[in-house]
Amino acid sequence: MSTAKSHAKSGPNEDAITLLSADHTKVKQLFKEFQDLKEEDGSAEDKFELVTQICQELKIHTEIEEEIFYPAVRKAIDDGDLLDEALIEHSAAKELIAQLEEMSPDDELYDARVTVLGEQIEHHVKEEEGEMFPKAKKAKIDGETLGARMTQRKSELMADMESDEEGPNANPRAAKKEVADTKAPASR
Ligand SMILES: [Fe+2]
Ligand SMILES: [Fe+2]
């Protein structure tokens, strides 16, 4: 068995909640970096790279939650509303992500969208960590099995995204990026 090698960790499988919380911490840090970049008038190129990373992290994270974690939690706890609301929050985030992916950092309201996305995610994470995760723990979900499945799925999704980026199909975002790159120095 040589699956999930890029994420393989020696020792026991990572617990589902530990894995998701680590993602939360990472993405929170990335949003903080964006705010720093904004304050120091960072280049369009740096913003583009950072936001591309944020969007990818969030797309993979919401996907593994929706495919694997949420259905297991829904079965284990008696609070369908909590899961429904989390899904709506994901779809609101995905809408902003889709908009950002079509934009260049020089576009109007780009920074505002990133900031609002960060605020929405902060709220969402608070509810997951403050409410959903404790309920899931109390209901004794099988954190190790779910963690292993999510780790595996995460690797697949990351590989898909990488091959999309390298693929022969011209990516409209790549073209936008070039525009952003050439514009960046003039905007300083
Ligand atoms: Fe999450
Ligand atoms: Fe979530």
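The values are calculated or read from the model by the stated rules, or taken from the named source; none is laboratory data. Since the model is a prediction, treat every value here as computed from it, not as a measurement. Reconstructed Cβ throughout: ideal geometry from the backbone, glycine too, with neighbour counts over all protein chains shown.
With respect to the conditions (1) surrounded by 12 or more Cβ atoms within 10 Å (Cβ to Cβ); (2) part of a helix (DSSP H, G or I); (3) within 15 Å of ligand 1 (Cβ to nearest atom), ILE141 lacks only one, and its number is (2). Scanning segment 58-79 for residues that are exposed (fewer than 15 other Cβ atoms within 10 Å of the Cβ), among the charged types (D, E, K, R) and part of a helix (DSSP H, G or I) turns up GLU67, LYS75.
Within segment 39-50, can one find any residue that is closer than 24 Å to LEU146 by Cα, surrounded by 19 or more Cβ atoms within 10 Å (Cβ to Cβ) and away from ligand 2 (no atom under 14 Å from the Cβ)? Scanning segment 39-50 turns up no residue that is closer than 24 Å to LEU146 by Cα, surrounded by 19 or more Cβ atoms within 10 Å (Cβ to Cβ) and away from ligand 2 (no atom under 14 Å from the Cβ).
Against the numbered list (1) surrounded by fewer than 14 Cβ atoms within 10 Å (Cβ to Cβ); (2) more than 16 Å from ligand 1 (Cβ to nearest atom); (3) assigned to a helix (DSSP H, G or I); (4) not aromatic (Phe, Trp, Tyr), GLU119 comes up short only at (2).
Results for (1) in contact with a Cys (Cβ under 7 Å, 6 or more places away or on another chain); (2) hydroxyl-bearing (Ser, Thr, Tyr), shown as yes or no for each residue.
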position	(1), (2)
LEU82	no, no
LEU100	yes, no
TYR110	no, yes
ILE141	no, no
GLU144	no, no
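Of the residues ASP111, ASP23, which is part of a helix (DSSP H, G or I), modelled with pLDDT of 95 or more and over 20 Å from MET150 (Cα atoms)? Among ASP111, ASP23, only ASP111 is part of a helix (DSSP H, G or I), modelled with pLDDT of 95 or more and over 20 Å from MET150 (Cα atoms). For segment 25-58, a tally of residues being more than 12 Å from the chain's Cα centre (by Cα) and touching a residue at least 60 places away in the same chain (Cβ under 8 Å) returns 9. Pairs linking a residue in segment 138-149 that is farther than 13 Å from LEU19 by Cα to a residue that is among the acidic types (Asp, Glu), with Cβ atoms under 9 Å and 6 or more positions apart or on different chains, are ALA139/ASP78. Go over the candidates MET161, MET132 one by one and state the one that is within 20 Å of ILE64 (Cβ to Cβ), among the aliphatic types (A, V, I, L, M) and free of Cβ contacts under 8 Å to residues at least 60 places away in the same chain. Answer to the check: MET132.
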